[in-house]
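Presented below is the structure to which this report refers.
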Amino acid sequence: MEISALDFERGGGFVTVIAQDHRTGAVLMVARADREAMERTLATGEMHYHSRTRGLWHKGATSGNVQRVVSLTPDCDHDAVLARVIPAGPACHTGTVSCFGEPGRAGDVVGELQQTIAARQAALVHGEPATSYTQKLLGDRNLRLKKLGEEASELAVACADEDHARAVEEGADLVYHTMVALAAIGVSWDDVRGVLHARHS
């Protein structure tokens with residue numbers, strides 16, 4: 001992105017910057033940047049903003065929660081920038097991942113499922129008895145691998161039969177069992193999303 005393409009005058013010397021997690025798609029924060037901040041961002045590859053109280057502000061310089069730039073895209077009026085970043089930690093000063101609350105709680109059913117699986121797993125780690133199907137899977141390696149294979153086979157059969165309704169159901173089952181199997185070995189769905197984003201770009 002060329003600095004000259006931005007219209008700082010429209011915003012009184014600033015442009016609005018929307019920071020988005022490149023891996024998950026979550027909107028992390030909204031801030032302002034002047035010409036100097038954008039120049040520093042381009043020069044360092046890490047997000048810089050302009051704060052009313054601090055002036056030029058290197059995100060994460062103190063906390064370590066830097067935001068590595070993947071891409072910077074101006075909007076149609078050239079007075080706002082979508083910054084796709086890879087964050088090293090929480091974006092919000094309150095300690096949350098996003099200034100708009102934790103991702104996965106506003107209609108992102110996969111994010112909600114990931115949080116549920118993580119909660120079930122944490123309960124097992126803390127010695128609580130297994131009371132759910134998810135916990136049963138997490139505690140039994142052979143069972144979860146067997147179910148993973150079964151669901152993949154059932155989806156393949158549904159697709160071969162061109163049974164749309166059944167394919168949808170089996171697809172959902174496979175996603176669930178895949179997420180549980182990944183969680184059991186310390187892999188999150190965000191890790192999978194990160195690979196998909198990298199392949200897409």
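The values are calculated or read from the model by the stated rules, or taken from the named source; none is laboratory data. Remember, it's a predicted structure, so these values are computed and weren't measured experimentally. When we count neighbours, we look across all protein chains shown, and the Cβ atoms used for this are built from the backbone with ideal geometry, even at glycine.
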- Item | Neighbours by Cβ (under 8 Å, 6+ apart or cross-chain): first from the stretch 120-148, within 13 Å of Val180 (Cβ to Cβ); second assigned to a loop (DSSP other than H, G, I, E, B) | Arg120/Ser132; Leu124/Ala130; Lys136/Ala130; Leu138/Ala130; Gly139/Ala130
- Task: Taking Glu151 as the residue in question, decide whether it is of a type in the set (D, E, K, R), assigned by TED's automatic domain parsing to the domain that holds Asp191, out of contact with any strand residue (DSSP E or B) (no Cβ under 6 Å at 6 or more places or on another chain) and surrounded by 18 or more Cβ atoms within 10 Å (Cβ to Cβ).
- Result: yes
- Specify which of the listed residues (Ala167, Ala184, Ala91) is in contact with a Leu (Cβ under 7 Å, 6 or more places away or on another chain) and under 30 Å from Val30 (Cβ atoms). Ala91
- Message: If the requirement is being under 25 Å from the mean Cα position of the chain (by Cα) and hydrophobic (A, V, I, L, M, F, W, C), which of these qualifies: Ala160, Ala122?
- Response: Ala122
- Message: Please count how many residues of the stretch 121-148 are small (Gly, Ala, Ser), exposed (fewer than 15 other Cβ atoms within 10 Å of the Cβ) and farther than 17 Å from Gly186 by Cβ.
- Response: 2
- Task: Only residues that are in contact (Cβ under 8 Å) with a residue 40 or more places away in the chain and among the acidic types (Asp, Glu): list them for the stretch 162-190, please.
- Result: Asp190
- Query: Identify, please: which residue in the stretch 170-201 is in a loop (DSSP other than H, G, I, E, B) and within 25 Å of Glu150 (Cβ to Cβ) and is, among those, modelled with the highest pLDDT?
  - Reply: Ile185
